[in-house]
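Reading through the structure tokens given below for one structure.
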Ligand code: SAH
């Protein structure tokens, strides 16, 4: 799967693409991250990409021309979906990440300043994705979160030991707590069941801990879990 990221901070994307699990996935060829500088498509003689907002107000707006031209240059004749990062978009979650992991190629368009001229978004028929109800200084940060969460579902990105199956949210629950050596740290012991060597005791402990964590940290998910259990039970009656 290839991500083609259009932003004003190519070096930021390149450094992300060379780091950690994502860096290894790029090296192995499981994913590709192609970073493109929107500025290099500016037709302005000073390579400007922003201008004042019509109607006045604070900040600058990323102009339509370099955005439309850069996305068109990347798309060519192909029909590649373009995701635009925006606070008003659909909120990213594990289901949406899984959905995007099915595409062989995606264009990721990052906004900067106060955002992009609306006409560019309309012409390019972008799909809008938000990474949460807060404002970032630029879409390049959202693009990295998006690539990271989507890539986890792409074959060959995670090793077996890092499989995405047991992670939080995968089954509607928060993951169980984790412990590593030493057995005791500042008077706190590792739960007995995890030291028992018994697969079934460990599995039971993890399931209970996961339910407890969901109830405590995410009562909304816990309620959904109970509702779905209730529905299954009703259907079986
Ligand atoms: N004026 C805009 C915010 C602009 S922030 C508003 O009030 O809605 C600049 C850029 O950062 C945006 O164009 C977008 O690409 C990115 N961005 C900011 N917050 C984001 C979020 N929560 N999710 C995804 N992208 C975001």
**Message:** So, residue 24, is that one surrounded by fewer than 20 Cβ atoms within 10 Å (Cβ to Cβ) and more than 24 Å from residue 114 (Cα to Cα) or not?
**Reply:** yes
**Asked** Among all residue pairs at least 6 apart or on different chains, which show Cβ distances below 6 Å where the first residue, located in the range 100-112, is in contact (Cβ under 8 Å) with a residue 12 or more places away in the chain and the second is within 15 Å of the ligand (Cβ to nearest atom) and in a loop (DSSP other than H, G, I, E, B)?
**Response** 112/8; 112/138
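Keeping to the range 126-153, report how many residues are in a helix (DSSP H, G or I) and within 9 Å of the chain's Cα centre (by Cα). I'd like the intermediate steps shown before the answer.
In the first step, residues of the range 126-153 are kept if they are in a helix (DSSP H, G or I); the result is 139-151.
Next, only the ones that are within 9 Å of the chain's Cα centre (by Cα) stay: 142-151.
So the answer is 10.
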**Request:** Kindly state which helices (runs of 4 or more DSSP H) lie completely within the range 171-237 and contain at least 3 residues that are within 27 Å of residue 98 (Cβ to Cβ).
**Result:** 199-217, 219-236
**Request:** Check whether at least one residue in the range 118-134 is surrounded by fewer than 16 Cβ atoms within 10 Å (Cβ to Cβ), over 29 Å from residue 49 (Cα atoms), within 14 Å of the ligand (Cβ to nearest atom) and touching a residue at least 24 places away in the same chain (Cβ under 8 Å), and report yes or no.
**Result:** no
**Message:** For the condition more than 11 Å from the ligand (Cβ to nearest atom), surrounded by 15 or more Cβ atoms within 10 Å (Cβ to Cβ) and farther than 28 Å from residue 154 by Cα, what is the one hit in 68, 74, 61?
**Reply:** 68
**Request:** Looking at (1) near the ligand (Cβ under 8 Å from one of its atoms); (2) under 30 Å from residue 173 (Cα atoms), find the lone condition where residue 112 falls short.
**Result:** (2)
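Where a number appears in this text, it was derived from the coordinates with a stated rule and is not lab data. Here the structure is a predicted model, which is why all the values come from computation and not from measurement. Glycine also receives a Cβ, built like all others from the backbone with ideal geometry; neighbour counts cover every protein chain displayed.
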